[in-house]
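A.B. asks: I have a structure I would like to understand better, so I am pasting it below and will then ask my questions one at a time.
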Amino acid sequence: MFPVASRTNLERILAEDAPHGDLTTERLGIGASRGEMIFRARNAMVLAEAESAAELLRIAGCSVSVEAMSGDRLDAGATILAATGAAASLHRGWKVAQTLIETWSGVASAARAIVDAAREVQPTIAVACTRKTAAGTKSFAVRAVRAGGAGMHRLGLSETILVFPEHRVFLGDEPLATTAERLRAAVPEKKLVIEVKSVADALDAAEAGFDVIQLEKMPPEGVSEVIADLRYSSRRPIIAAAGGINSGNAAAYAKAGADVLVTSAPYLAPPKDVAVTISKGAA
């Protein structure tokens, strides 16, 4: 079972939507009436954040039955969850829970499309999503990416070593091998990752001792060339292809031999449509 968003996060997004109550429901005088609300997938999707949406609805005062789990592939019309409670509770949680599932199921579905395309060619390839999430949404993004079968490339700056060309501009003429040696001594338990933009730089980084070579915006042909040139090297670093990776080109990069595909594309995916019906009179 996937983890659920923290209660603090769920209470915060509920409060954003109804900071001073639900004026319409209150003025109509229907808040105490009992009802039932059912969420269904309008089209095929990979589901994400169903558990968080259910918990949000519980915080709003509903009783909830979860019918599908994050990571499930749903057909059109599949039931996601059902909630019962007072109309005030149903309306308080309705749109926030719906948007939560729609937004992050879009991310999960896009991640799964990249994973499926790549693994059809190379079953062991990894797909990893970047830290380039919208501010304040990282915990949701991580769960959605995982629901789609991908992993995280980096959660943030604090726990990984990734040397960008933008770091190296401050290092002057320091040889790459010296940079790798200094980093290895400073953080011996960490893998050393470096981003490069040419085949020559990739080979230099491998010779210098980096564990992972991230090929930035290099075409599949360039990835193949790097891997071919490393075939007879004394060490074979992990090769990650990054920049512009999506479901349309993932297979080409997998065929080229990349070990990891690094992508931000799922975060830009459109939401998946969730149909919600509310009826009166359920216990």
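Residues checked against (1) of a type in the set (A, V, I, L, M); (2) under 10 Å from the mean Cα position of the chain (by Cα); (3) modelled with pLDDT under 95:
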{"position": "100", "(1), (2), (3)": "yes, no, no"}
{"position": "103", "(1), (2), (3)": "no, no, no"}
{"position": "128", "(1), (2), (3)": "yes, yes, no"}
{"position": "174", "(1), (2), (3)": "no, no, no"}
{"position": "183", "(1), (2), (3)": "yes, no, no"}
{"position": "187", "(1), (2), (3)": "yes, no, no"}
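A.B. asks: So how many residues does region 152-172 have that are among the small types (Gly, Ala, Ser) and open to solvent by 90 Å² or more (accessible area, probe 1.4 Å)? So that I can check it myself, show each step before the final result.
C.D. replies: Going through region 152-172, the residues among the small types (Gly, Ala, Ser) turn out to be 156, 158, 172.
Still in the running and open to solvent by 90 Å² or more (accessible area, probe 1.4 Å): 158.
Qualifying residue count, region 152-172: 1.
A.B. asks: From (1) under 24 Å from the mean Cα position of the chain (by Cα); (2) at pLDDT 95 or above, pick out the condition that doesn't hold for residue 91.
C.D. replies: (1)
A.B. asks: What's the total number of residues in region 151-196 that are of a type in the set (Lys, Arg) and in contact with a Gly (Cβ under 9 Å, 6 or more places away or on another chain)?
C.D. replies: Keep residues of region 151-196 that are of a type in the set (Lys, Arg), which gives 154, 168, 182, 184, 190-191.
Now drop any that are not in contact with a Gly (Cβ under 9 Å, 6 or more places away or on another chain), which leaves 184.
Adding up the residues that qualify gives 1.
A.B. asks: Which condition from (1) assigned to a loop (DSSP other than H, G, I, E, B); (2) modelled with pLDDT of 95 or more; (3) open to solvent by 50 Å² or more (accessible area, probe 1.4 Å) is the one that residue 149 breaks?
C.D. replies: Failing condition for residue 149: (3).
A.B. asks: Being open to solvent by 50 Å² or more (accessible area, probe 1.4 Å), in contact with a helix residue (DSSP H, G or I) (Cβ under 7 Å, 6 or more places away or on another chain) and not hydrophobic (A, V, I, L, M, F, W, C) is the filter here; which residues of region 106-130 pass it?
C.D. replies: 120
A.B. asks: For region 129-156, give me each residue that is closer than 20 Å to residue 241 by Cβ and among the β-branched types (Val, Ile, Thr).
C.D. replies: 130, 145
A.B. asks: Also: Within region 229-247, which residues are more than 14 Å from residue 214 (Cα to Cα) and in contact (Cβ under 8 Å) with a residue 60 or more places away in the chain?
C.D. replies: Answer for region 229-247, where residues must be more than 14 Å from residue 214 (Cα to Cα) and in contact (Cβ under 8 Å) with a residue 60 or more places away in the chain: 246, 247.
A.B. asks: For region 27-47: of the residues being touching a residue at least 40 places away in the same chain (Cβ under 8 Å) and more than 35 Å from the chain's Cα centre (by Cα), which is surrounded by the most Cβ atoms within 10 Å (Cβ to Cβ)?
C.D. replies: Pass one, region 27-47, residues touching a residue at least 40 places away in the same chain (Cβ under 8 Å): 30-43, 45-47.
Then drop every residue that is not more than 35 Å from the chain's Cα centre (by Cα), which leaves 30-34.
Details: 30: 15, 31: 17, 32: 8, 33: 14, 34: 14.
Checked region 27-47; the qualifying residue surrounded by the most Cβ atoms within 10 Å (Cβ to Cβ) is 31.
Residues are listed down the side, and each one gets a yes or a no for (1) at pLDDT 95 or above; (2) of a type in the set (Ser, Thr, Tyr); (3) closer than 29 Å to residue 150 by Cα; (4) touching a Ser or Thr at 6+ places or on another chain (Cβ under 9 Å):
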| residue | (1), (2), (3), (4) |
| --- | --- |
| 3 | no, no, yes, yes |
| 6 | no, yes, yes, yes |
| 20 | no, no, no, no |
| 24 | yes, yes, no, no |
| 36 | yes, no, no, yes |
| 41 | yes, no, yes, yes |
| 47 | yes, no, yes, yes |
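A.B. asks: Taking the conditions exactly as written (farther than 18 Å from residue 25 by Cα and open to solvent by 10 Å² or more (accessible area, probe 1.4 Å)), does residue 103 satisfy them or not?
C.D. replies: Values: farther than 18 Å from residue 25 by Cα: yes; open to solvent by 10 Å² or more (accessible area, probe 1.4 Å): yes.
Spelling it out, residue 103 is indeed farther than 18 Å from residue 25 by Cα and open to solvent by 10 Å² or more (accessible area, probe 1.4 Å).
A.B. asks: If you don't mind, another one. Do you know which residues across region 52-93 are hydrophobic (A, V, I, L, M, F, W, C) and open to solvent by 40 Å² or more (accessible area, probe 1.4 Å)?
C.D. replies: Filtering region 52-93 down to residues hydrophobic (A, V, I, L, M, F, W, C) leaves 53-54, 56-57, 59-60, 62, 64, 66, 68-69, 74, 76, 78, 80-83, 86-88, 90.
Within region 52-93, 66, 69, 76, 88 qualify.
The values are calculated or read from the model by the stated rules, or taken from the named source; none is laboratory data. Keep in mind that what you see is a predicted model, and the values were worked out from it rather than measured. Cβ coordinates were reconstructed from backbone atoms using ideal geometry, including for glycine residues, and neighbour counts include every protein chain displayed. Please note that ligands, DNA and RNA were not included when accessible areas were found on the heavy atoms of the full protein model with its side chains. Shrake-Rupley method; radii C 1.70, N 1.55, O 1.52, S 1.80 Å.
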